[in-house]
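So the structure is just underneath, and the comments pick up after that.
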Amino acid sequence: MGVRTVLDLLRHYPYRYEDLRSATTVAQLREARASGGEVNLMGVVRQVKHVRLRGRVRAKTTAIVDDGSGTITAIWFGRPYLGSALKPGQRIFMRGRAEVTLAGVQLLVARHRVVPEDEPYSGELVPIYPLTAGLSNYSVQKMVARALAGATADKRASALLDPLPAPIAARRSFADALWSLRAIHQPASLEDADKARARLVFEEFFLLALAAALRRAAREGEASPDFSKAASQAALMEFHMQLRSLLPFQLTGAQGRAIDEIVADFAKPSPMNRLLQGDVGSGKTAVAAAAVLFAVRAGHQAAFMAPTEILAAQQFNSLTKLLSPAGVRVAMLVGALRRATRDDILDQLRRGEIDAVVGTHALLTEDVEFERLGLVVIDEQHRFGVMQRAALRAKAGRVTPHTLVMTATPIPRTLAQTVYADLDISVIDEMPPGRKPPKTFVREVGSKDKIFAFIREQVQQGRQAYVVCPAIDESERAMHTAVAQAEELRANAFKGLRVGLLHGKIGGPDKEKIMRMFADGFLQILIATTVVEVGVDVPNATVMLVFDAQTFGLAQLHQLRGRVGRGAAASYCILVASDESEESARLHILEKTNDGFAIAEEDARIRGRGDLLGTRQHGSMKFRLADPVTDFSEFLEAKKDADALIARDPGLQRREHARLAAFLAAQDTDIALRASS
Ligand code: ADP
Ligand code: MG
């Protein structure tokens, strides 16, 4: 779980507390005849009964629980493995809805936890930790208690736990560092836990902001490729005129602004490090092409990296079409090239006879060398690791190339500022004119036949369709799986049509082949998991059908929807909800708006702390305690202090900052590393 040191352990924070202080008793329940309300109860299991049921609920488990004042019947539904996990004699804590009936008191359990016999529990707040297979909450509690005792006993140790410079902690009147750690793990009251959290959240943001400020300062000290040749007043005018003559359309205002921001970066002495965010179809390629054109006019080469061969091929085609009339020599480098072709391209790159190369990971191998690499563009940047991005940039020799990373994943503004704190951000928040956004419908499983008929109709008109399932084969959460649907639909609803199947277990080359068959129009229907999510452009596809839509995040559905509506024809996104849960209800948001940022904010708000859209979708950030959305004002405060500190001591070299520097170095640098691109 990323816990390697005692410090890591102390920063393995609980994500909630079980409030045993508010536990009620069976006797009290009986007396109050209180039905319907949520209550906490703690007792010893006397008897367990488990029955399997037909249908969706599958199992019912009942247990007689004795809390000393009386017994209660606890009930669980749909927990097939609970029967063997619960044992007579166990002490359990339960939260659920109580029903007082003539037959006795029942508790419909929403949540429960088996409490170890010797848990240091004394009717207080029990910290509940993130766990992993084989690790119990109790063992974390015990280890943390030992670490806290050790830190308390050793004055030097407790000093090492405090990253905040004394003046900052004092000015913000934060609680003591060790006190805060104790209070977050073993709070005497929720007020103490909150007070501790305030400090620890600040610490987390402060270190993040400090790492970003340090990287930024370091980057500003690096030499960038010299683009001055293309940056004179006259050359700039020429650039804009040339760009206008090359593009088959007029830039949107947002594209124009992004290009201006990039060009302004090029004129600075330090290397650009910019994130270009724009919804699918917003026209990021044209912006990237403008950057490439500028770099080439300045006498440099550009490297453009995309996560898959199909995407690389698409970008290669676009760049060639846009830029070759201006004499820009564009090449493509992917894994599947013939040896001789590849060697030829490598030679030309080395000699500077190729101006721009578009490729996949194949660009990263050691024998790929440039004569004068000045610009690196990375599409769908979250698909690459830090090391890969760094490896490409290292090919510019002594200078640090200008870097433009692009993403179609709408990241809430707040999140972008925290996670990408050392990137400058350009946003394309405007779609090219005339684009018809897909019409979105939320439907129940019952209307499947109608939907299939509609898809057949579209296919007969020459269009194509995606059918997305949440899982490949077996799955707990999905009613529809890709493999089963492919079999079923090929045999019935889509009989006689050319139906492809694509999912994560299909190997790389085959996956590309299937995707290409769809892109080329041979396959009429593509049944897939979310592997179709990113970047693929098939303008002829007009239907996106998503099964079990309620199991996806809103932002992810929006991404999927972006696969259609890329051509001139009307397009449709049909979200099939398989139950009447809250998750299904929120799908209607997608019927109402097409604004990716609004959807991302909504998604982050719904899912709340600890399960941010970011963590899953980018797989790239890990906040321990802080929530970049709800704690955003704290982030700004922490950033203010971090920036001020770096302004005074850019290298963190002063003696009073030695501990802070050590802290940064020793600290799990996951966030820092991954956020830097
Ligand atoms: P994405 O941001 O998803 O990478 P693309 O760059 O692939 O989007 O652009 C999507 C489509 O929109 C392309 O076919 C492109 O030619 C077109 N396009 C881009 N900018 C404009 C514009 N300003 N006006 C009209 N069409 C545009
Ligand atoms: Mg794109």
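The values are calculated or read from the model by the stated rules, or taken from the named source; none is laboratory data. Since the model is a prediction, treat every value here as computed from it, not as a measurement. We place every Cβ from the backbone using ideal geometry, glycine too, and count neighbours over all the protein chains shown. Only protein heavy atoms, including side chains, enter the accessible area calculation; ligands, DNA and RNA are left aside. Shrake-Rupley method; radii C 1.70, N 1.55, O 1.52, S 1.80 Å.
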Kindly list the number of the only condition in (1) in contact with a strand residue (DSSP E or B) (Cβ under 8 Å, 6 or more places away or on another chain); (2) within 16 Å of ligand 2 (Cβ to nearest atom); (3) farther than 17 Å from Pro470 by Cα that fails for Leu560. (3)
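Can you confirm whether Val263 is within 14 Å of ligand 1 (Cβ to nearest atom) and either within 29 Å of Ala555 (Cα to Cα) or not in a loop (DSSP other than H, G, I, E, B) (or both)? Give the derivation first.
Details: within 14 Å of ligand 1 (Cβ to nearest atom): no; either within 29 Å of Ala555 (Cα to Cα) or not in a loop (DSSP other than H, G, I, E, B) (or both): yes.
For Val263, the condition - within 14 Å of ligand 1 (Cβ to nearest atom) and either within 29 Å of Ala555 (Cα to Cα) or not in a loop (DSSP other than H, G, I, E, B) (or both) - is not met.
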Which of (1) open to solvent by 70 Å² or more (accessible area, probe 1.4 Å); (2) in contact with a helix residue (DSSP H, G or I) (Cβ under 7 Å, 6 or more places away or on another chain); (3) not hydrophobic (A, V, I, L, M, F, W, C) is the odd one out, the single condition Gln233 does not satisfy? (2)
Would you mind finding the one in Ala74, Ala85, Ala149 that is open to solvent by 40 Å² or more (accessible area, probe 1.4 Å), modelled with pLDDT of 90 or more and farther than 25 Å from Phe202 by Cβ? Ala149
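Quick one: in the range 307-348, of everything that is in a loop (DSSP other than H, G, I, E, B) and open to solvent by 40 Å² or more (accessible area, probe 1.4 Å), which residue is modelled with the lowest pLDDT?
Step by step, filter the range 307-348, then rank; the result is Ala336.
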For the range 483-530, the count of residues that are without any contact (Cβ under 8 Å) to a residue 24 or more places away in the chain, of a type outside the set (Asp, Glu) and within 17 Å of Val459 (Cα to Cα) equals 6
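Yes or no, residue by residue, for (1) farther than 26 Å from Arg219 by Cα; (2) more than 27 Å from the chain's Cα centre (by Cα):
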residue: Ala312; (1), (2): yes, no
residue: Arg329; (1), (2): yes, yes
residue: His361; (1), (2): no, no
residue: Glu371; (1), (2): no, yes
residue: Arg398; (1), (2): no, yes
Per the list (1) within 28 Å of Lys395 (Cβ to Cβ); (2) in the same structural domain as Ala313 (by TED's automatic domain parsing); (3) away from ligand 1 (no atom under 12 Å from the Cβ), residue check on Ala288 breaks on (3)
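Would you point out the residue of the range 537-567, among those that are β-branched (Val, Ile, Thr) and open to solvent by less than 10 Å² (accessible area, probe 1.4 Å), that is nearest to the chain's Cα centre (by Cα)?
First pass over the range 537-567, keeping only residues β-branched (Val, Ile, Thr): 538, 542-543, 546, 551, 564.
From what is left, the residues that are open to solvent by less than 10 Å² (accessible area, probe 1.4 Å) are 538, 542-543, 546, 564.
Numbers: Val538: 25, Thr542: 27, Val543: 26, Val546: 20, Val564: 22 Å.
Residue satisfying both the conditions and the ranking: Val546.
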Suppose we filter the range 467-512 for residues that are part of a loop (DSSP other than H, G, I, E, B) and over 25 Å from the mean Cα position of the chain (by Cα); how many remain? 7
Return only the number of the condition from (1) surrounded by 12 or more Cβ atoms within 10 Å (Cβ to Cβ); (2) modelled with pLDDT under 90; (3) hydrophobic (A, V, I, L, M, F, W, C); (4) not in a helix (DSSP H, G or I) that Val51 does not satisfy. (1)
Just to be sure before I move on: is Arg79 under 35 Å from the mean Cα position of the chain (by Cα) and part of a loop (DSSP other than H, G, I, E, B) in the structure I sent? yes
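Which of the following residues is in contact with a Pro (Cβ under 9 Å, 6 or more places away or on another chain), assigned by TED's automatic domain parsing to the domain that holds Pro307 and closer than 13 Å to Ala306 by Cβ: Leu373, Leu392, Leu363? Outline the logic, then answer.
Numbers: Leu373 fails: closer than 13 Å to Ala306 by Cβ; Leu363 fails: in contact with a Pro (Cβ under 9 Å, 6 or more places away or on another chain).
Testing whether each residue is in contact with a Pro (Cβ under 9 Å, 6 or more places away or on another chain), assigned by TED's automatic domain parsing to the domain that holds Pro307 and closer than 13 Å to Ala306 by Cβ leaves just Leu392.
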Which count do you get for residues in the range 369-383 that are more than 16 Å from ligand 1 (Cβ to nearest atom) and either in a strand (DSSP E or B) or open to solvent by less than 10 Å² (accessible area, probe 1.4 Å) (or both)? 4
Among the residues of the range 276-292, are any basic (Lys, Arg), away from ligand 2 (no atom under 16 Å from the Cβ) and assigned to a helix (DSSP H, G or I)? no
For Met431, the lone unmet condition from (1) surrounded by fewer than 21 Cβ atoms within 10 Å (Cβ to Cβ); (2) away from ligand 2 (no atom under 16 Å from the Cβ); (3) part of a loop (DSSP other than H, G, I, E, B); (4) under 25 Å from the mean Cα position of the chain (by Cα) is (2)
With the first residue restricted to the range 277-288 and required to be open to solvent by 10 Å² or more (accessible area, probe 1.4 Å), and the second required to be near ligand 2 (Cβ under 8 Å from one of its atoms) and not in a helix (DSSP H, G or I), Cβ contacts under 6 Å at 6 or more apart or on different chains are Val280/Ala408; Lys284/Met406
Quick check, is Ala598 among the hydrophobic types (A, V, I, L, M, F, W, C), open to solvent by 10 Å² or more (accessible area, probe 1.4 Å), at pLDDT 75 or above and over 17 Å from the mean Cα position of the chain (by Cα)? no
From the list Arg182, Arg219, Arg274, exactly one residue is away from ligand 1 (no atom under 16 Å from the Cβ) and crowded, with 19+ Cβ neighbours inside 10 Å. Which is it? Arg182
Count, please, the residues in the range 621-658 that happen to be at pLDDT below 85 and in a helix (DSSP H, G or I). 1
Quick test for you: out of Val399, Val357, Val405, Val386, pick the one residue that is within 16 Å of ligand 2 (Cβ to nearest atom) and either at pLDDT 85 or above or touching a Lys or Arg at 6+ places or on another chain (Cβ under 8 Å) (or both). Val405
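Filter the range 448-469 down to the residues that are open to solvent by 30 Å² or more (accessible area, probe 1.4 Å) and either polar (S, T, N, Q) or touching a Lys or Arg at 6+ places or on another chain (Cβ under 7 Å) (or both) and list them by number.
Let us first name the residues in the range 448-469 that are open to solvent by 30 Å² or more (accessible area, probe 1.4 Å), namely 448-450, 453-454, 456-457, 460-463.
Correct list: Gln460, Gln461.
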Tell me which residues, restricted to the range 505-537, are over 24 Å from Ala362 (Cα atoms) and within 16 Å of ligand 1 (Cβ to nearest atom). none
Phe304 fails exactly one of the following numbered conditions: (1) within 12 Å of ligand 2 (Cβ to nearest atom); (2) part of a strand (DSSP E or B); (3) surrounded by fewer than 22 Cβ atoms within 10 Å (Cβ to Cβ). What is the number of that condition? (3)
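Answer with yes or no whether Arg257 is touching a residue at least 60 places away in the same chain (Cβ under 8 Å) and closer than 30 Å to Pro650 by Cβ.
no
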The conditions are (1) more than 16 Å from ligand 1 (Cβ to nearest atom); (2) part of a helix (DSSP H, G or I), and Val399 fails exactly one of them. Which is it? (2)
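Pick out the one residue from Arg443, Arg477, Arg456, Arg463 that is in contact with a Ser or Thr (Cβ under 7 Å, 6 or more places away or on another chain), at pLDDT 90 or above and over 30 Å from Phe205 (Cβ atoms).
Working: Arg443 fails: in contact with a Ser or Thr (Cβ under 7 Å, 6 or more places away or on another chain); Arg477 fails: at pLDDT 90 or above; Arg456 fails: in contact with a Ser or Thr (Cβ under 7 Å, 6 or more places away or on another chain).
None of the others qualify; the one that does is Arg463.
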